[in-house]
Amino acid sequence: QVQLVESGGGFVQPGGSLRLSCAASGSIFRVNTMGWYLQAPGKERELVARISSGGNTNYADSVKGRFTISRDNAKNTMALQMNTLKLEDTAVYYCYFIQLGRTYWGQGTQVTVSS
């Protein structure tokens, strides 16, 4: 089992920045992938960014150039630096962790971008 704890959501004005963090604990193997999904009201959950334990990253087109995902394998933590936030970035952001074919989810953290 793997447990995920997220932090860093909140309220920000358009153009502002937020940093989300996710800490994983439990039975963690060396090879895994961590990432973030978002879910806006009335919409399906969608991928924001992901990063492998080897450091390979993927981003949704909507966040390329604005968001940066990073991780610290020694501490089993991951972060999402979100810059130049837009109104449409408002959503609940979920940390996820995949290893050995199993997916684990965090509880979600609200990000609200509003003027």
query: Under a plain spin-label model, where a point goes 7 Å from the Cα along Cα-to-Cβ, how far apart in nm are T112 and S53?
result: 3.9 nm
- prompt: Could you give the dipole magnitude of segment 16-75 about its Cα centre, charging the beta-carbon of Lys and Arg +1 and that of Asp and Glu -1, in debye to the nearest 20?
  reply: 120 debye
- request: With a cut-off of at most 12 other beta carbons within 10 Å, and DSSP calling the residue loop, which chymotrypsin sites (Phe, Trp or Tyr not before Pro) in segment 25-115 qualify? Please list them.
  value: F29
task: Tell me which residues come under 5 Å, amide H to amide H, from T90 once H is placed; ignore anything under 5 positions away on its chain.
output: V113
field: Within the chain: Cβ-based charge dipole about Cα centre, in debye rounded to nearest 20 (Lys, Arg +1; Asp, Glu -1)
entry: 240 debye
query: In Å, what Rg and Dmax follow from the Cα atoms of segment 1-64?
result: 13.6, 39
query: Give me the Kirkwood hydrodynamic radius of the chain in Å, from all C-alpha pairs, to one decimal place?
result: 14.1 Å
statement: Contact order relative to length for the chain, counting C-alpha pairs under 8 Å separated by 6 or more residues, stands in percent at 36 percent
task: Just the number, please: carbon plus sulfur as a percent of the accessible area of the chain, 1.4 Å probe, no ligands or DNA/RNA counted.
output: 48 percent
- line: Those GluC sites (Glu not before Pro) from segment 15-115 that are DSSP loop and have at most 12 other Cβ neighbours within 10 Å turn out to be E44
field: HN-Hα J in Hz across segment 50-62 - Karplus 6.51, -1.76, 1.60, θ = phi - 60°, x for Gly and Pro
entry: 8, 9, 7, 5, x, x, 6, 10, 9, 10, 5, 4, 5
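The values are calculated or read from the model by the stated rules, or taken from the named source; none is laboratory data. Since this is a predicted model, take the numbers as computed values, not measurements. All Cβ positions, even for glycine, are placed from backbone atoms using ideal geometry, and neighbour counts span all protein chains on display. Surface areas here come from the heavy atoms of the whole protein model, side chains and all, with no ligands, DNA or RNA. Shrake-Rupley method; radii C 1.70, N 1.55, O 1.52, S 1.80 Å.
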